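**Student:** Questions regarding the structure given below will be posed in turn.
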Amino acid sequence: MGNEHYFTNDPKSEFRPKTIRVELAGRPFQVQTAGGIFSPDHLDRGTEVLLNQVDAPPNAGVLLDLGCGWGAIALSLALQSPAAEVWAVDVNERALELTRQNAASLGLSNVQTATPEAVPDGLQLSEIWSNPPIRVGKAVLHEILSHWLPRLEPGGKAHLVVAKKLGADSLLTWINETLGRFGAAERTANDAGFRVLTFTRS
Ligand SMILES: C[S@@+](CC[C@H](N)C(=O)[O-])C[C@H]1O[C@@H](n2cnc3c(N)ncnc32)[C@H](O)[C@@H]1O
């Protein structure tokens, strides 16, 4: 990927899709990935912690994978909750295209891909699952969370996996200090150097 960041909107590196084998929702699958997006060679360890440590998503409702990459989280949610509407959101067009292709090849018709701006304003979110883009910097990360966490329906939850060394604990403090009027966050899992932070909308 050279100097290119995985969170670029439109990766300039040549699009060379490749197939990797991954386990999602306890079953083996082949998915397409490519350079220019996050973790193209394997299921990211943090994502794996999130998917293993958090209780299964609700059967129905609207589930959002915030920063979907090639779709690991969105695909897992859609496999586990076929009656739910899963939104896979990213700023990286290549990531959205790969997620679209992967959903189609897994036969998942309940995954909708979109840029953040394309998600309808009135959409009430039951849950957000995310391995958020820490490397965009604190200011942008805070902006992203301030936009999405308040959009959860009352009682809705956001599950965020963050590496301890990348500031999981200070992010927890920030969420409670800044978004405390919308709900409360706590640490719900701690595994392999990663924390899962769960925010519950009041
Ligand atoms: C840490 S990666 C996680 C990717 C994928 N969910 C996974 O687990 O492999 C974070 C993702 O957030 C995306 N991203 C960056 N800025 C974003 C924004 N403002 N809104 C939504 N997604 C964003 C990046 O392009 C990247 O795909």
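The values are calculated or read from the model by the stated rules, or taken from the named source; none is laboratory data. Only a predicted model underlies this, so the values are computations on that prediction, with no experimental measurement involved. Methodologically, a virtual Cβ is constructed for each residue, glycine included, from the backbone with ideal geometry; neighbour enumeration extends over all protein chains shown.
**Student:** Of these, GLY36, GLY26, GLY61, which one is closer than 27 Å to LEU166 by Cα and small (Gly, Ala, Ser)?
**Tutor:** GLY36
**Student:** For a quick check of your reading: which strands (runs of 3 or more DSSP E) sit entirely within the range 3-96 and have at least 2 residues that are of a type in the set (A, V, I, L, M), buried (at least 22 other Cβ atoms within 10 Å of the Cβ) and more than 9 Å from the ligand (Cβ to nearest atom)?
**Tutor:** Output list reads 62-66.
**Student:** While we're here: So which residues in the range 168-197 are of a type in the set (Val, Ile, Thr), more than 16 Å from ILE144 (Cβ to Cβ) and surrounded by fewer than 19 Cβ atoms within 10 Å (Cβ to Cβ), if there are any at all?
**Tutor:** Those that are of a type in the set (Val, Ile, Thr), more than 16 Å from ILE144 (Cβ to Cβ) and surrounded by fewer than 19 Cβ atoms within 10 Å (Cβ to Cβ): THR173, THR188.
**Student:** Just for the range 116-154: of the residues that are under 24 Å from VAL54 (Cβ atoms), out of contact with any Phe, Trp or Tyr (no Cβ under 9 Å at 6 or more places or on another chain) and assigned to a loop (DSSP other than H, G, I, E, B), which one is modelled with the highest pLDDT?
**Tutor:** Here the answer is PRO132.
**Student:** Could you give me the residue pairs with C-beta distances under 8 Å whose first residue belongs to the range 28-40 and is within 14 Å of SER13 (Cβ to Cβ) and touching a residue at least 24 places away in the same chain (Cβ under 8 Å), whose second residue is outside any strand (DSSP E or B) and of a type in the set (A, V, I, L, M) wherever it lies, and which are 6+ apart or on separate chains?
**Tutor:** THR33/LEU98; ALA34/LEU98; GLY35/MET1; GLY36/MET1; ILE37/ALA95; ILE37/LEU98; PHE38/ALA95; PRO40/ALA34
**Student:** Something else about it: Quick one: which of THR200, THR113 is surrounded by fewer than 21 Cβ atoms within 10 Å (Cβ to Cβ) and assigned to a strand (DSSP E or B)?
**Tutor:** None of the others qualify; the one that does is THR200.
**Student:** When you look at ASP10, is it within 16 Å of ARG135 (Cα to Cα) and not hydrophobic (A, V, I, L, M, F, W, C), yes or no?
**Tutor:** Spelling it out, it is not the case that ASP10 is within 16 Å of ARG135 (Cα to Cα) and not hydrophobic (A, V, I, L, M, F, W, C).
**Student:** Also, I was wondering about something else. Cβ-Cβ below 7 Å, separation at least six or inter-chain, first residue in the range 54-69 and touching a residue at least 12 places away in the same chain (Cβ under 8 Å), second outside any loop (DSSP other than H, G, I, E, B) and among the hydroxyl-bearing types (Ser, Thr, Tyr): which pairs?
**Tutor:** Pairs that qualify, where the first residue is touching a residue at least 12 places away in the same chain (Cβ under 8 Å) and the partner is outside any loop (DSSP other than H, G, I, E, B) and among the hydroxyl-bearing types (Ser, Thr, Tyr), are PRO58/SER126; GLY61/SER126; VAL62/SER126; LEU63/SER126; ASP65/SER130; LEU66/SER130; GLY67/SER130; CYS68/THR99.
**Student:** Please enumerate the residues belonging to the range 122-180 that are among the polar types (S, T, N, Q), in contact with a helix residue (DSSP H, G or I) (Cβ under 8 Å, 6 or more places away or on another chain), closer than 19 Å to ALA74 by Cβ and more than 12 Å from the ligand (Cβ to nearest atom).
**Tutor:** GLN124, the sole residue that qualifies.
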